[in-house]
Amino acid sequence: EIELGHDVNIDGDSFAAIRELIKESYARGGITTLSWHATNPVTGGTSWDVTEAVYRIIPGGDLNTKFCGYLIRLRSSSAA
């Protein structure tokens, strides 16, 4: 729920701590991959909520602005 501005992930791990571990791994030559399980912008449910969302979040969709807000928060939190 980083896209919602939360400080911890769905497992309760601090995003700040994760960021530091990624930096430490990079300093040692490591490669880190991440996955993002976003909140369903239609229902507010988890990423496992299968309510159709794509047609509503793409440009022209009624939830495009909301989804773009998710992306902006994701980007700004990763730049910290």
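The values are calculated or read from the model by the stated rules, or taken from the named source; none is laboratory data. All values derive from a computational prediction rather than experimental measurement. Please note: Cβ atoms are built from the backbone with ideal geometry, for glycine as well, and neighbour counts cover all protein chains shown. Protein only, heavy atoms only, side chains kept; ligands, DNA and RNA dropped before computing areas. Shrake-Rupley method; radii C 1.70, N 1.55, O 1.52, S 1.80 Å.
Just a few scattered comments:
- In this structure, Arg19 does not qualify as in contact with a Phe, Trp or Tyr (Cβ under 9 Å, 6 or more places away or on another chain), outside any loop (DSSP other than H, G, I, E, B) and modelled with pLDDT of 90 or more.
- Search result, residues across the range 59-72 that are out of contact with any Pro (no Cβ under 7 Å at 6 or more places or on another chain) and open to solvent by 40 Å² or more (accessible area, probe 1.4 Å): Pro59, Gly60, Asp62, Thr65, Cys68, Leu71, Ile72
- Checking each residue of the range 42-64 against the condition of being at pLDDT 95 or above and at positive phi gives at least one match.
- For the range 22-58, a tally of residues being among the polar types (S, T, N, Q), open to solvent by less than 50 Å² (accessible area, probe 1.4 Å) and closer than 21 Å to Leu71 by Cα returns 3.
- Single residue of the range 21-54 satisfying the filter (without any contact (Cβ under 8 Å) to a residue 12 or more places away in the chain and of a type in the set (Gly, Ala, Ser)) that is nearest to Ile10 (Cα to Cα): Ser47
- Taken together, the criteria exclude Arg19 from residues that are over 22 Å from Asp62 (Cβ atoms) and open to solvent by 90 Å² or more (accessible area, probe 1.4 Å).
- Meets criteria (without any contact (Cβ under 8 Å) to a residue 24 or more places away in the chain and touching a strand residue (DSSP E or B) at 6+ places or on another chain (Cβ under 9 Å)) for Ser76: no
- Flag if Ile57 is touching a residue at least 12 places away in the same chain (Cβ under 8 Å) and of a type outside the set (D, E, K, R): yes
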